[in-house]
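Novice: Got a structure for you, questions after.
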Amino acid sequence: DHYYKAVIKVFVDLYNKGLIYRGARMINWDPAAKTALSDEEVEYKDVMGKLYYIKYEIAPSKNASKADPSQTSNYVVIATQRPETIMGDTAICANPNDERYAQLKGQKVIVPLINKEVPVIFDDYVDKDFGTGILKITPAHDINDFNIGLKYNLPVVDTLNEDGTISEAAQIYIGEDRFTARKKIVEELKAKNLLVKEEEYATRLGYSQRTSVVAEPKISTQWFVKMKNLAAPALEAVTSGNVTIHPTDKFSATYKYWLENVKDWCISRQLWWGQQIPAWYDEEGNVFVAETEEEALKLTDGNSRLIQDEDVLDTWFSSWLWPIEVFNGITQPGNKDIEYYYPTATLVTGQDIIFFWVARMIMAGMEFMKEKPFADVYFTGMVRDKQGRKMSKSLGNSPDLLHLIHEYGADAVRFGIMISSPAGNDLLFDEGSLEQGKHFNNKLWNALKLIRMWSLRQPGDEIAEPQEKEQGNFAVEWFNSRLNEARIEVNILMSQFRLSEALKTIYSLIWDDYCSWFLEWIKPEFGEPVNKQTFNAAVSFFDDILQVLHPFMPFITEEIYHLLKDRNDDLVIKQFINTAPPNVESLLKGARLKELITAIRDARNKHRIRPKDHIKLYIETGDEKSYNSIIPILSKQANAEMITFASQPKTSSITIVSGKEKIYIEANIEVDIIAQKEKLQQDLDYLKGFLITIDKKLSNDRFVQNAKAEVIELERKKKSDAEAKITAIEQGLASL
RNA sequence: GGGAGCAUAGCUCAGUUGGUUUAGAGCAUCUGCCUUACAAGCAGAGGGUCCGCGGUUCGAACCCGUGUGCUCCCACCA
């Protein structure tokens, strides 16, 4: 109801400001259904048509005929696809720079068959190189001709009836169907020697979606909003950065182009459903615009009978007020809500309505509030199917969302859509990503299950082994840093509206870092209690990752948040805390630990050491201290029953080079020396190739002179690292 | 016809003013595991002429030119 009032108020306001007017417009007409069509209801098809070249005789001019009597027998040739419209011609037109037709200035030509004199006019619109370089102007039946007609004040002669037959205004062939008339006219032109030639011509014709007949351009009277003054502040809002469109590169240009070349907005529609235009006509056809019929009556002499305009308003004429009227800002200006909430933060919408809606909301904001409606516009991609086709009703390739939610769960559907929608690009919908979301849900449940098992087995007192405490300490320290690092990353990505990348970061933080590394590192032996401090940290981290994930998967995160422990607050309203900078040292140490574990597991795999089999590890390092606090984790993750710092054991062993260090695995297996050599040789080849590329750089004087100091320093470090690794591998190879 | 964007692993995409390795992730693939949270899983691996060509630079996936292919928007020329 308040929207209704707002729309009427705005219409009257704009009319009184002179920004709304009535005018003629070319629309598409369906002669079979006898109705106007919207542009969306017209389908263009490529078809072969014919171009007819017709003679137009030059009328004997009073002045010219005396000076040059030969001109009376002259004619111009004009090409047309639609000879049946010649009776509607009201001028012919050439390019002002076309010398061939320069002498026609001020002259008239005779329209064939009806012998009507029409003027020759000149306009840049005409392409000198197309057809004969001169064209007939038929304002009633072609949009471009209509515009030229407006410019040169030409009369409009409508030669067609509503059903597509020739009208009385045409003078000849009255009542004949448009296509029958075309044939007959061509024959008559031939007979009278006025047809120079016919040419095959590839063209595009608009067909009515409803009846499949060729749509006919037709003139009708419509209501318009003058856009130029409204567009300027809306353009400025975006170019100045007051409103930011995301992704910026892709759509700012489109937005600017449209606003710079904006056309007046046709706001009337010939539909039953819609809001009727608040305009009334008296018996003489005078128009009165007012909010109600009573108000309109006051504008008349008081004796008139008024009839309201039957047309309704374009649906966007109410939609463009939404950011304002949603807070009653039009109907109750200055109310508490509009003062508090306007302007809003972010509009999320589809790129297909950038002009229909987004641009016009900004216009309305600038016009009626003198302030932008929102600070950011985020365009989601178009959803397409796996083959890249648009989702559409006619193709039937749109998924049933409720069915998907039933099958995968609401959070999984959200996950699947968001993980596969890179900012600004189209989204290829694939149920595989929904399945990934479902698996992710499952992972979260299982993490909860694990932690709850610990909590049940938690004894009241502190009986934790020192070793367990140690591994817990390092794991907690490391994950805390990793969490902070990821939070900072997510904040940056979110502020740039890179949602899928933010979600990927969170996914990896939870699955890889929290579940696969952290929980495994602190996990006690079966049946053993977990250290209380470590346990509390694990729960607290779980809270944190749930909160980070919550905007993407609100249901499961809220649920787990409450199952994790008893509490009084809800995740949905819990405020994000400021992120602390991560401890770089523990991040590096954690990365190094992962690298070691992976290298050992890889070697186990390659040498077919079964997962259950224990191994012994000999680490040859110059820096034993760096292994402080990670040995228990390493031994558990590599399933090593013993780790010592020593050089190669006497028994046959597997040699691994990780970083600059050598590690030997002693296991109860036959060691495949050849396979080992191959692996080491492979690494050696890679490193040597790598070293060559660095040496090339460093031995290039111009590089050393021109590159920044830190770049050179980095290259030197890469070189010495690579050399150290090479030495280690060569030693390893030699000892085999 | 005018304009914009894109082209990187089998697929979908990152790659942040040119230098952190001979380019990364997820999914898919391959190998080994039913290991007391999770087989909807765990561990590991393989996989690339960064679309072609030319240029700028000590140095190019990144900058410039050009060709090819794709997508979208606008217009729909007698």
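The values are calculated or read from the model by the stated rules, or taken from the named source; none is laboratory data. This is a predicted model, so every value here is computed, not measured. We place every Cβ from the backbone using ideal geometry, glycine too, and count neighbours over all the protein chains shown. Heads up: the accessible areas ignore ligands, DNA and RNA and are worked out on the full protein's heavy atoms, side chains in. Shrake-Rupley method; radii C 1.70, N 1.55, O 1.52, S 1.80 Å.
Novice: Would you please list the contacts, defined by Cβ atoms under 6 Å and residues six or more apart or on different chains, that run from a residue in the range A:26-52 that is of a type in the set (V, I, T) to a residue that is modelled with pLDDT of 80 or more and near RNA strand B (Cβ under 10 Å from one of its atoms)?
Specialist: As it stands, the answer is A:V42/A:G206; A:V47/A:L205, since those pairs meet every condition given.
Novice: Kindly indicate whether A:E585 is under 30 Å from A:E670 (Cβ atoms), under 42 Å from the mean Cα position of the chain (by Cα) and either among the charged types (D, E, K, R) or within 11 Å of RNA strand B (Cβ to nearest atom) (or both).
Specialist: no
Novice: Being in contact with an Asp or Glu (Cβ under 7 Å, 6 or more places away or on another chain), buried (at least 17 other Cβ atoms within 10 Å of the Cβ), under 19 Å from A:L51 (Cα atoms) and touching a residue at least 12 places away in the same chain (Cβ under 8 Å) is the requirement here; does A:A140 meet it?
Specialist: no
Condition check ((1) within 43 Å of the chain's Cα centre (by Cα); (2) within 21 Å of A:F179 (Cα to Cα); (3) assigned to a loop (DSSP other than H, G, I, E, B)) across all residues:
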site	(1), (2), (3)
A:I114	no, yes, yes
A:V118	no, no, no
A:I121	no, no, no
A:Y125	yes, no, yes
A:F130	yes, no, yes
A:A140	yes, yes, yes
A:N144	yes, no, no
A:L150	yes, no, no
A:P155	no, no, yes
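Novice: Checking the condition within 14 Å of RNA strand B (Cβ to nearest atom), open to solvent by less than 60 Å² (accessible area, probe 1.4 Å) and part of a strand (DSSP E or B), which residue from A:I656, A:I609, A:I600, A:I669 passes?
Specialist: A:I656 is the lone residue from the list that is within 14 Å of RNA strand B (Cβ to nearest atom), open to solvent by less than 60 Å² (accessible area, probe 1.4 Å) and part of a strand (DSSP E or B).
Novice: Determine the pairs where a residue that is open to solvent by 60 Å² or more (accessible area, probe 1.4 Å), located within the range A:396-421, has a partner that is part of a loop (DSSP other than H, G, I, E, B) with Cβ atoms under 8 Å apart, the partner being 6 or more residues away or on another chain.
Specialist: Pairs that qualify, where the first residue is open to solvent by 60 Å² or more (accessible area, probe 1.4 Å) and the partner is part of a loop (DSSP other than H, G, I, E, B), are A:S398/A:M391; A:S398/A:S392; A:R414/A:F552; A:R414/A:M553.
Novice: Read through the list (1) within 18 Å of A:L549 (Cα to Cα); (2) within 7 Å of RNA strand B (Cβ to nearest atom); (3) open to solvent by 50 Å² or more (accessible area, probe 1.4 Å), then give the number of the only condition that A:L428 fails.
Specialist: (1)
Novice: Any residue that is among the charged types (D, E, K, R), within 13 Å of RNA strand B (Cβ to nearest atom) and open to solvent by 70 Å² or more (accessible area, probe 1.4 Å) - is there at least one of those in the range A:637-653?
Specialist: Going residue by residue through the range A:637-653, those that are among the charged types (D, E, K, R) are A:641, A:650.
Adding the requirement that they be within 13 Å of RNA strand B (Cβ to nearest atom) leaves none.
Within the range A:637-653, none of the residues are among the charged types (D, E, K, R), within 13 Å of RNA strand B (Cβ to nearest atom) and open to solvent by 70 Å² or more (accessible area, probe 1.4 Å).
Novice: Another question about this same structure. Please name all residue pairs, on different chains or six or more residues apart, with Cβ atoms under 8 Å, provided the first residue is in the range A:354-375 and is closer than 15 Å to A:L235 by Cβ and the second residue is open to solvent by 30 Å² or more (accessible area, probe 1.4 Å) and of a type in the set (D, E).
Specialist: As it stands, the answer is A:G365/A:E371, since those pairs meet every condition given.
Novice: So which pairs qualify, if the first residue must be in the range A:689-704 and near RNA strand B (Cβ under 8 Å from one of its atoms), the second must be part of a helix (DSSP H, G or I) and of a type in the set (F, W, Y), the Cβ gap must be under 6 Å, and the two must be at least 6 apart or on different chains?
Specialist: A:K697/A:F703
Novice: Can you tell me which of (1) touching a residue at least 12 places away in the same chain (Cβ under 8 Å); (2) over 21 Å from A:I417 (Cα atoms) is the one A:L503 doesn't meet?
Specialist: With (1) touching a residue at least 12 places away in the same chain (Cβ under 8 Å); (2) over 21 Å from A:I417 (Cα atoms) applied to A:L503, the lone miss is (2).
Novice: Name the pairs whose Cβ atoms lie under 6 Å apart, with the first residue in the range A:214-241 and open to solvent by 20 Å² or more (accessible area, probe 1.4 Å), the second assigned to a helix (DSSP H, G or I), and 6 or more positions between them or separate chains?
Specialist: The qualifying pairs are A:P217/A:I143; A:P233/A:M366; A:L235/A:L259.
Novice: Let me ask something else about it. Sort through A:S540, A:S516 and tell me the only one that's in a helix (DSSP H, G or I) and within 12 Å of RNA strand B (Cβ to nearest atom).
Specialist: Numbers: A:S540 fails: within 12 Å of RNA strand B (Cβ to nearest atom).
Criteria check complete, one pass: A:S516.
Novice: Please indicate, with yes or no, whether at least one residue in the range A:363-379 is under 25 Å from A:Y15 (Cβ atoms), open to solvent by 50 Å² or more (accessible area, probe 1.4 Å) and in a loop (DSSP other than H, G, I, E, B).
Specialist: Checked the range A:363-379: at least one residue is under 25 Å from A:Y15 (Cβ atoms), open to solvent by 50 Å² or more (accessible area, probe 1.4 Å) and in a loop (DSSP other than H, G, I, E, B).
Novice: Could you tell me whether any residue of the range A:470-478 is modelled with pLDDT of 70 or more and within 9 Å of RNA strand B (Cβ to nearest atom)?
Specialist: No, the range A:470-478 has no match at all.
Novice: Looking at the range A:157-171, which of its residues are in contact (Cβ under 8 Å) with a residue 40 or more places away in the chain, surrounded by fewer than 17 Cβ atoms within 10 Å (Cβ to Cβ) and assigned to a helix (DSSP H, G or I)?
Specialist: Of everything in the range A:157-171, just one residue is in contact (Cβ under 8 Å) with a residue 40 or more places away in the chain, surrounded by fewer than 17 Cβ atoms within 10 Å (Cβ to Cβ) and assigned to a helix (DSSP H, G or I), namely A:A169.
Novice: Any chance you could count how many residues in the range A:214-234 are part of a strand (DSSP E or B) and either farther than 17 Å from A:E162 by Cα or among the acidic types (D, E) (or both)?
Specialist: Count: 5.
Novice: Let me ask something else about it. Can you tell me which residue in the range A:495-504 is nearest to the chain's Cα centre (by Cα), limited to those that are at negative phi, more than 9 Å from RNA strand B (Cβ to nearest atom) and crowded, with 17+ Cβ neighbours inside 10 Å?
Specialist: Restricting to residues being at negative phi, more than 9 Å from RNA strand B (Cβ to nearest atom) and crowded, with 17+ Cβ neighbours inside 10 Å, the top hit is A:L499.
Novice: Given the condition within 14 Å of RNA strand B (Cβ to nearest atom), within 24 Å of A:A181 (Cα to Cα) and open to solvent by less than 10 Å² (accessible area, probe 1.4 Å), answer yes or no: does some residue in the range A:93-111 qualify?
Specialist: Yes; the residues of the range A:93-111 include at least one that is within 14 Å of RNA strand B (Cβ to nearest atom), within 24 Å of A:A181 (Cα to Cα) and open to solvent by less than 10 Å² (accessible area, probe 1.4 Å).
Novice: Then there's this: What pairs come out if I take residues in the range A:587-609 that are farther than 13 Å from A:I633 by Cα and among the hydrophobic types (A, V, I, L, M, F, W, C) and pair them with residues that are within 11 Å of RNA strand B (Cβ to nearest atom) and open to solvent by 50 Å² or more (accessible area, probe 1.4 Å) whose C-beta lies under 9 Å away, six or more apart or interchain?
Specialist: Partner pairs satisfying both residue conditions: A:A603/A:K679.
Novice: Sticking with this one: Among what's in the range A:112-135 and is within 8 Å of RNA strand B (Cβ to nearest atom) and modelled with pLDDT of 85 or more, pick the residue that is nearest to A:P155 (Cα to Cα). Break it down stepwise before answering.
Specialist: Quick first cut of the range A:112-135, residues within 8 Å of RNA strand B (Cβ to nearest atom) only: A:125-135.
Now restrict to residues that are modelled with pLDDT of 85 or more: A:134-135.
On the way: A:I134: 19, A:L135: 17 Å.
By that ranking, first place goes to A:L135.
Novice: State whether one or more residues within the range A:305-316 are on the phi < 0 side of the Ramachandran plot, within 28 Å of the chain's Cα centre (by Cα) and surrounded by 18 or more Cβ atoms within 10 Å (Cβ to Cβ).
Specialist: Going residue by residue through the range A:305-316, those that are on the phi < 0 side of the Ramachandran plot are A:305-316.
Filter once more, so that each one left must be within 28 Å of the chain's Cα centre (by Cα): A:314-316.
Okay, now just the ones that are also surrounded by 18 or more Cβ atoms within 10 Å (Cβ to Cβ), so A:314.
Yes - at least one qualifying residue is present in the range A:305-316.
Novice: Residues of the range A:174-188 being surrounded by 13 or more Cβ atoms within 10 Å (Cβ to Cβ) and aromatic (F, W, Y), which ones?
Specialist: The answer is none; no residue qualifies.
Novice: Next up: Could you figure out which of (1) at pLDDT below 95; (2) within 22 Å of A:L563 (Cβ to Cβ); (3) not in a loop (DSSP other than H, G, I, E, B) isn't true of A:L546?
Specialist: If we test A:L546 against (1) at pLDDT below 95; (2) within 22 Å of A:L563 (Cβ to Cβ); (3) not in a loop (DSSP other than H, G, I, E, B), just (1) comes out false.
Novice: Follow-up question, since we're still on this one. Give the range A:667-684 a look and list any residue that's in contact (Cβ under 8 Å) with a residue 60 or more places away in the chain and closer than 14 Å to A:R608 by Cβ, or say none.
Specialist: First pass over the range A:667-684, keeping only residues in contact (Cβ under 8 Å) with a residue 60 or more places away in the chain: A:667, A:669, A:671-673, A:675-676, A:679.
If the condition is that a residue be in contact (Cβ under 8 Å) with a residue 60 or more places away in the chain and closer than 14 Å to A:R608 by Cβ, then A:A667, A:I669, A:V671, A:D672, A:A675, A:Q676, A:K679 are the ones that fit.
Novice: I'd like the full set of residues that are among the hydrophobic types (A, V, I, L, M, F, W, C) and surrounded by 16 or more Cβ atoms within 10 Å (Cβ to Cβ), limited to the range A:512-538. Before the answer, list the steps.
Specialist: Narrowing the range A:512-538 to residues among the hydrophobic types (A, V, I, L, M, F, W, C): A:515, A:517-519, A:521-522, A:526, A:530, A:535, A:537-538.
Those that are among the hydrophobic types (A, V, I, L, M, F, W, C) and surrounded by 16 or more Cβ atoms within 10 Å (Cβ to Cβ): A:C515, A:W517, A:F518, A:L519, A:W521, A:I522, A:V530, A:F535, A:A537, A:A538.
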